[in-house]
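Asks: There's a structure below that I have some questions on.
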Amino acid sequence: MNTNDQSITRTIVRRADVAIEVLAQGRGHRIVLLPSLGRAAADFDPIAARLARAGFRVLRPQPRGIGESRGPMSGIDLHDYAADGAAVIAQDGGGAAFVVGHAFGNRVARMLATDRPDLVRAVALVAANVGHAPSPPAVRAAIRASADPSLADGERLAALQFAFFAPGNDAGGWLNGWHPDVLAAQRLAGDRTSREEDYAAGAAPILYLQPDHDPLAHEEDAHEFKRALGDRVTIVVIRDCSHAAVAEQPDAISDALIDYAAALWPRS
C-alpha cells in the first residue's frame with residue numbers, strides 16, 4: 001500500500017523536565033528513526049520519505065539540544081535517551097514500533113529495546129559499533145574534527161572522509177548539520193553506560209545493516225554479533241558506504257528497512 005500523505009507534522013512530547021520535538025509523516029505501522037552522534041533528524045529526510053510512501057508511519061525524534069528538543073545534557077546516560085524515545089512511541093499510540101538507530105543511535109535503539117520491550121517490535125542497527133570497547137582514539141578524534149566548525153573545511157573534509165565516507169563518496173554534505181554540544185553530551189552519556197547493558201537489545205529481532213567500508217564497525221563484527229545472539233539477527237551488507245551510510249546509500253538502506261518491516265507486519 002502506498003500513501004500520498006507525505007506532509008510532515010511537528011509535535012512536542014513532554015515527560016518530566018524533558019521536551020522532545022518529533023517529526024512525523026505517513027500512515028501505518030510505526031518506524032522510529034534515531035540519528036547519529038551530534039546530528040539531527042534531517043539526516044533521514046530521504047529515507048523517511050521512502051518509508052512513508054511505502055505505507056509506514058515514520059517518527060523522527062530530535063535529540064535533546066537540537067530543534068525544539070530540550071532536557072538535561074549532563075549527568076545522564078543511555079537510559080535517559082532511551083526513555084525519550086519510549087515517550088515518543090507511547091504518546092503516538094498504535095503498539096510496538098520498529099526502531100532504527102544510525103551509528104550512536106543504534107545504542108539508543110538497543111537500550112530502548114532493553115528497557116521497554118513492550119514498545120519495540122524490532123530494531124535495525126545501521127553502521128553500528130557493537131563491540132565491547134569504544135571507538136578507537138583515531139576515529140574519535142576524526143569525529144570531533146568533523147564536527148568542529150573552527151577548523152578549515154579541508155581539514156574537516158579529510159576527517160569526514162576517514163571516519164564517515166567510503167572512497168569516491170562526496171563528504172561535503174556533512175560539513176553542515178553538526179551540533180558539537182550535543183555530540184559531547186551524547187558521547188559522555190554513552191561512556192557512562194556499560195556496553196553490556198544495551199548489547200543484546202533485550203530479546204528483540206535485529207536487522208543489522210553493515211556498511212562495507214566502515215572503520216568503526218567491520219563485517220566480522222556483524223558476524224560475531226550474530227554468533228552471540230543467534231537467528232534473531234539478520235545481516236545485510238550495504239555496499240559502497242561507510243559510517244555515514246544513511247547519507248551515502250539512502251535508497252539501499254530504505255529498501256532493506258522496507259523489506260524487513262514488511263516481514264514484521266505481513267499484509268493480508
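The values are calculated or read from the model by the stated rules, or taken from the named source; none is laboratory data. Computed from a predicted model, the values in this text were never measured in an experiment. With ideal geometry, Cβ positions are generated from the backbone for all residues, glycine too; neighbour counts draw on all protein chains shown. Keep in mind that these areas ignore ligands, DNA and RNA; they rest on the heavy atoms of the full protein, side chains included. Shrake-Rupley method; radii C 1.70, N 1.55, O 1.52, S 1.80 Å.
Asks: Of these, 189, 185, 201, 163, which one is in contact with a His (Cβ under 7 Å, 6 or more places away or on another chain) and open to solvent by less than 30 Å² (accessible area, probe 1.4 Å)? I'd like the intermediate steps shown before the answer.
Replies: On the way: 189 fails: in contact with a His (Cβ under 7 Å, 6 or more places away or on another chain); 185 fails: in contact with a His (Cβ under 7 Å, 6 or more places away or on another chain); 201 fails: in contact with a His (Cβ under 7 Å, 6 or more places away or on another chain).
Among 189, 185, 201, 163, only 163 is in contact with a His (Cβ under 7 Å, 6 or more places away or on another chain) and open to solvent by less than 30 Å² (accessible area, probe 1.4 Å).
Asks: If a residue has to be touching a helix residue (DSSP H, G or I) at 6+ places or on another chain (Cβ under 8 Å), hydroxyl-bearing (Ser, Thr, Tyr) and part of a loop (DSSP other than H, G, I, E, B) to count, how many in region 177-223 make the cut?
Replies: 2
Asks: Across region 75-106, what is the total count of residues that are open to solvent by less than 20 Å² (accessible area, probe 1.4 Å) and either without any contact (Cβ under 8 Å) to a residue 12 or more places away in the chain or touching a helix residue (DSSP H, G or I) at 6+ places or on another chain (Cβ under 6 Å) (or both)?
Replies: Result for region 75-106: 12.
Asks: Are any residues in region 72-117 part of a loop (DSSP other than H, G, I, E, B) and either hydrophobic (A, V, I, L, M, F, W, C) or more than 16 Å from residue 189 (Cα to Cα) (or both), and if so, which ones? If you could, list the steps in order and put the result at the bottom.
Replies: So in region 72-117, the residues part of a loop (DSSP other than H, G, I, E, B) come out as 72-77, 93-96, 103, 116.
Matches in region 72-117: 73, 76, 93, 94, 95, 96, 103, 116.
Asks: Could you say whether any residue in region 112-124 is in contact (Cβ under 8 Å) with a residue 12 or more places away in the chain, in contact with a Ser or Thr (Cβ under 6 Å, 6 or more places away or on another chain) and surrounded by fewer than 24 Cβ atoms within 10 Å (Cβ to Cβ)? Before you say what the answer is, go through the steps one by one.
Replies: Initial filter on region 112-124 (in contact (Cβ under 8 Å) with a residue 12 or more places away in the chain): 112-124.
The next check asks that each one be in contact with a Ser or Thr (Cβ under 6 Å, 6 or more places away or on another chain); those that pass are none.
No, the conditions are met nowhere in region 112-124.
Asks: For region 192-239, name all the residues that are basic (Lys, Arg) and without any contact (Cβ under 8 Å) to a residue 40 or more places away in the chain.
Replies: Within region 192-239, the subset basic (Lys, Arg) is 192, 195, 226-227, 232, 239.
Within region 192-239, 226, 227, 232, 239 meet the criteria.
Asks: Only residues in region 245-266 that are buried (at least 18 other Cβ atoms within 10 Å of the Cβ) count as the first member; pair them with residues that are polar (S, T, N, Q) and not in a helix (DSSP H, G or I), Cβ under 6 angstrom, at least 6 apart or cross-chain, and list the lot.
Replies: 248/169
Asks: Can you find even one residue in region 224-232 that is part of a loop (DSSP other than H, G, I, E, B), among the basic types (Lys, Arg) and surrounded by fewer than 18 Cβ atoms within 10 Å (Cβ to Cβ)?
Replies: No, there is no match, as no residue in region 224-232 is part of a loop (DSSP other than H, G, I, E, B), among the basic types (Lys, Arg) and surrounded by fewer than 18 Cβ atoms within 10 Å (Cβ to Cβ).
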